[in-house]
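Peer 1: Can you read through this structure? Questions will come right after.
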Amino acid sequence: MTFLGMPARAPRGVGHLRGDESFPVAARKALANSQLRRNLQHATTTIRGKSGRVIAELPDWQELRSAGSALKAYTMARLPELLEQLEENVTAAGGVVHWAADANEANRIVTDLVRQTGERRVIKVKSMATQEIGLNEALEAAGITPVETDLAELIVQLGNDKPSHILVPAIHRNRSEIREIFLKAMPDVDPGLTDDPPVLAAAARRYLRETFLSTKVAVSGANFAIAETGTLAVVESEGNGRMCLTLPETLITVMGIEKLVPKWSDLEVFLQLLPRASTGERMNPYTSMWTGVTPGDGPQAFHLVLLDNGRTAVLADEVGRQALHCIRCSACLNVCPVYERTGGHAYGSVYPGPIGAVLSPQLTGVADNPSLPYASSLCGACFDACPVKIDIPSILVHLRNQAPHPRTEAAVMAAAAYTMDRPKLYASAQRAAKLARIAGRRGRGLPPPLNGWSASRDLPSPPKETFRDWWRSR
Amino acid sequence: MRIALFATCLADTMFPAAAKATVLLLERLGHEVVFPAEQTCCGQMHINTGYQKDALPLVRRHVRTFEPYDVIVAPSGSCVGSVRHQHAMVAGADAGLAARATSVASRTFELSELLIDVLGVEDVGAYFPHRVTYHPTCHSLRVLRVGDKPLRLLRNVRGLDLVELPDAEQCCGFGGTFSVKNADTSTAMLADKMRHVLDTGADVCTAGDASCLMHIGGGLSRLRTGVRTVHLAEILASTEAS
């Protein structure tokens, strides 16, 4: 909390929630990359089809969505008490709970915990929260080597790249690009490596096995935390996450405070929603759950870092708080016509696509991410796809109303509203517009900022008379 | 039935044919159409661009203008979507205005909704001898949920050869000021929409929104494709006599 009692936003200078460029500028570069467009189009179309087929098998899908939405709304309404309940139960089960107000604090806590073990290397389970706070950079700065073990995150890490999708971080890469990255950056890789997917997977497997067996500290995120039992859950498809969660001596989990569910039985809803909406699977392949420390089995030291980093500020916004219901399935990315064409990097945040366009600006404050709420045509495909029914278009409109507006645009909008509230003035403006259009060439060379329109589209020829002129003359 | 026409500012100014066709169609079906002259714009452009404060007088004007009427029609899924899903929100703290806006919204229909749900007609007696493909605009589809109503109306048009648009439910890329603020992304979306329209071999692309048609038609015209965009109302208003 700041001195005024307003919840703090995610701090600047750390983590990955803000881009270097505005969305339109970054998107223009991405759109020019035809290989990227082909990779994305192929990948999103494939996932969309697969997900759509398995969702259609469930007669109660809409009821499940409503249940998921209601459970999340309930959780958010009682977040403080549920978090305390979680802390109590994790502590009782032998874990240690740390509270991190922001990215800097979370990075410091994790770095100190690793230092205390004396280890110089950690293995990582795929985690959005640690990407959000830039944990890898913080660890590296402290002389600790983080190794990503999710295949796609490993591709991103070895390629010195950034994730571009919540679930499939290397969605922007195809297999021949992945082969090149492995040949260049993977230690002891077979120089005869082909781009056959099983061959690529086997190469990663060989490299990771060695790392799993020789690393004593793991860092994970969490998909769910159950307040009533103190249980943490990670869902993944490869089994590499489970290696990290079971083999090391120390496990450190960084979790956004909104990942909570009240009861064990609530997972029944989310474990049906998540795999079908995300990867198009009926059941998640590897679901790992752990409660504190089990003597003689798995990590003997467990730390849970509860991360705020702007979430309390999001919770304070009546419309925007729905964004905290997100279960990181990526369904909204996969159906978004904007994401499909620009890819994730254009959003400048680890949370791309429609959910990123409403989550990132709220975590940072809209003024720090003013172009993201506009990175949508408001087509509404995301709302229909969301397994917990987040009304993303309404949040986008809500955030646009909070965004700082360019001065000229604001003046034009005010003048337009003034005119449209005066029918006589409005009718003369219609006639003036018609004359201006007749004077100019048809639909070409409009002045900025309207030149964005005329670069690729003609404007219609002006009608001989407006509708209201015709109506009056009937 | 006495029906008030909300022409929408775009159709009034740039695409009067869509609003005229709505009048002529409803009169042909035996209804009385009135045009309350105090109407201007629903305020959607302001609302969706982040100017709710500027939109408030427009919402107030719209409510005041249309509240005397029992049934209101607009040849636009998007503008009806704004009336139905945004006006009460913009009214905000003004609970009286919000209630009046909700009441007006409950009596406001997009053209295909009016024809099928209110007037109970699927065959309007139209004649339009062309190969036509239909683009379901996002707000008709996902805000109003008009479903296949426009297609049911089109299937009953004499002489009309209706061809299915591939990936029809994908946005055309218009999105109001999105098309200007994110012109490159908008154009990339439009390129795919145009490719699908051309793949159908249709000579006319129709939809229930003049705005999306302005965008698609602007692209088709720039590329000299020869494919025309025609508002759904104009097709339904066409007869063998016209």
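Laboratory data are not the source of any read-out in this text; all were calculated from the coordinates shown. Keep in mind the model is a prediction, meaning the values are calculated, not measured. Neighbour counts are summed over all protein chains in view; Cβ atoms, including those assigned to glycine, are modelled from backbone coordinates with ideal geometry.
Peer 1: List the residues, sorted by chain then number, that are 5 or more residues from B:LEU162 or on another chain and whose placed amide H is less than 5 Å from its amide H.
Peer 2: Correct list: B:VAL132.
Peer 1: As an exercise, identify the trypsin sites (Lys or Arg not before Pro) in the range A:276-382 lying in DSSP coil whose Cβ has no more than 14 other Cβ atoms within 10 Å.
Peer 2: A:ARG282
Peer 1: Which value at 222 nm does chain B reach when only helices count, each DSSP H run of 4 or more adding -39,500 (n - 2.57), with the total divided by all residues and rounded to the nearest 500 deg cm²/dmol?
Peer 2: About -13500 deg cm²/dmol.
Peer 1: Give the residue from A:ALA26, A:ALA67, A:HIS16 lying farthest towards the positive end of the charge dipole for chain A; charges sit on Cβ (+1 for Lys and Arg, -1 for Asp and Glu) and the dipole is referred to the Cα centre.
Peer 2: After comparing all options, I get A:ALA26.
Peer 1: Mind checking the log10 I(q)/I(0) for the range B:131-237 at q = 0.22 Å⁻¹? Debye, one equal scatterer per Cα, no solvent, two decimals.
Peer 2: -1.24
Peer 1: Could you give the nm distance between label points at A:GLU228 and B:ASP167, where each point is 7 Å from its Cα heading toward the beta carbon?
Peer 2: 4.6
Peer 1: Per residue of the range A:66-74, in order, report the coupling 6.51 cos²θ - 1.76 cosθ + 1.60 (Karplus, θ = phi - 60°) as ³J(HN,Hα) in whole Hz, putting x for Gly and Pro.
Peer 2: In residue order, the calculated couplings are 5, 5, x, 4, 5, 5, 5, 4, 4 Hz.
Peer 1: Percent of alpha carbon pairs in the range B:2-118 separated by more than 25 Å?
Peer 2: Taking all Cα-Cα pairs of the range B:2-118, the fraction more than 25 Å apart is 17 percent.
Peer 1: For a test of the definition: using alpha carbon positions, the gyration tensor, and the 1.5 limit on a/c, classify the range A:117-202 as rounded, prolate or oblate.
Peer 2: It is oblate, given that a/c is not under 1.5 and a/b is not larger than b/c.
Peer 1: Ok, one more. Given charges of +1 on the Cβ of Lys and Arg and -1 on the Cβ of Asp and Glu, with all other atoms neutral, how large is the dipole of the range A:200-264 about its Cα centre, in debye to the nearest 20?
Peer 2: With Lys and Arg at +1 and Asp and Glu at -1, about 180 debye.
Peer 1: To continue, here is another question. Using the Karplus curve 6.51 cos²θ - 1.76 cosθ + 1.60 with θ = phi - 60°, what ³J(HN,Hα) values do you get for each residue of the range A:27-38, in whole Hz, with x for Gly and Pro?
Peer 2: Each residue of the range A:27-38 in turn: 5, 4, 5, 5, 5, 7, 8, 6, 5, 4, 4, 5 Hz.
Peer 1: Quick one: if you stick a label point 7 Å off each Cα along the C-beta vector at B:ARG145 and A:GLU210, how many nm between them?
Peer 2: For the pair B:ARG145/A:GLU210, the computed spacing is 5.7 nm.
Peer 1: Which FRET efficiency value, to the nearest 0.05, is calculated for A:ALA77 and B:ASP123 with the Förster distance at 60 angstrom and r the Cβ-Cβ distance?
Peer 2: Once the sixth-power term is evaluated, E becomes 0.70.
Peer 1: With each pseudo-label sitting 7 Å past Cα toward Cβ, what's the B:ARG224-A:ALA411 distance in nm, one decimal?
Peer 2: According to this spin-label approximation, the distance is 4.0 nm.
Peer 1: By what distance, in whole Å, do the Cα atoms of the range A:129-282 stretch along each of the three principal axes, largest value first?
Peer 2: 51, 37, 25
Peer 1: While we're looking at this one, here's another question. What is the diffusion coefficient of chain A in µm²/s, taking the Kirkwood radius over Cα pairs and the Stokes-Einstein relation at 25 °C with a viscosity of 0.890 mPa s?
Peer 2: 101
Peer 1: Normalised by the residues of the range A:166-307, what does the relative contact order come to in percent, with Cα pairs under 8 Å and at least six apart?
Peer 2: Reported as a whole number, the value is 24 percent.
Peer 1: Estimate the FRET efficiency between A:GLU119 and A:SER265 by the formula 1/(1 + (r/R0)^6), using the beta-carbon distance for r and 30 Å for R0, to the nearest 0.05.
Peer 2: 0.20
Peer 1: In percent, how large is the relative contact order of the range B:2-118, given Cα pairs closer than 8 Å and 6 or more residues apart?
Peer 2: Answer for the range B:2-118 is 28 percent.
Peer 1: Further question: Could you please rank B:LYS149, A:LYS424, A:LYS124, placing first whichever residue has the fewest other Cβ atoms within 10 Å of its Cβ?
Peer 2: Going from sparsest to densest Cβ surroundings: A:LYS424, B:LYS149, A:LYS124.
Peer 1: Roughly speaking, what is the stretch gain from A:MET283 to A:LYS424, that is 0.36 nm per residue apart minus the C-alpha to C-alpha distance, in nm to one decimal?
Peer 2: Length difference between fully extended and current span is 44.5 nm.
Peer 1: Nearest 500 deg cm²/dmol is fine: what mean residue ellipticity at 222 nm does chain A get from its DSSP H runs of n ≥ 4 alone, each adding -39,500 (n - 2.57), divided by its residue count?
Peer 2: Dividing the helical sum by the residues of chain A leaves -14500 deg cm²/dmol.
Peer 1: Report the equivalent ellipsoid semi-axes for the range A:290-364 in whole Å, largest first, defined as the square roots of five times the eigenvalues of the gyration tensor built from alpha carbon atoms.
Peer 2: One finds semi-axes of 31, 18, 11 Å for the range A:290-364.
Peer 1: Can you figure out the FRET efficiency of B:ALA191 with B:GLU27, using R₀ = 60 Å and their beta-carbon distance, to the nearest 0.05?
Peer 2: Using R0 = 60 Å, I get an efficiency of 0.90.
Peer 1: Check each of the trypsin sites (Lys or Arg not before Pro) in the range A:64-93 and keep only those in coil by DSSP with at most 16 other C-beta atoms within 10 angstrom; list them in order.
Peer 2: A:ARG78
Peer 1: Here is a further query. Explain nothing, just the number: relative contact order of chain B, from Cα pairs under 8 Å at least 6 residues apart, as a whole percent.
Peer 2: 21
Peer 1: Decide, for chain B, between rounded, prolate and oblate: order the square roots of the alpha carbon gyration tensor eigenvalues as a ≥ b ≥ c, take rounded if a/c falls under 1.5, and otherwise choose prolate if a/b is larger than b/c, else oblate.
Peer 2: Verdict is oblate for chain B.
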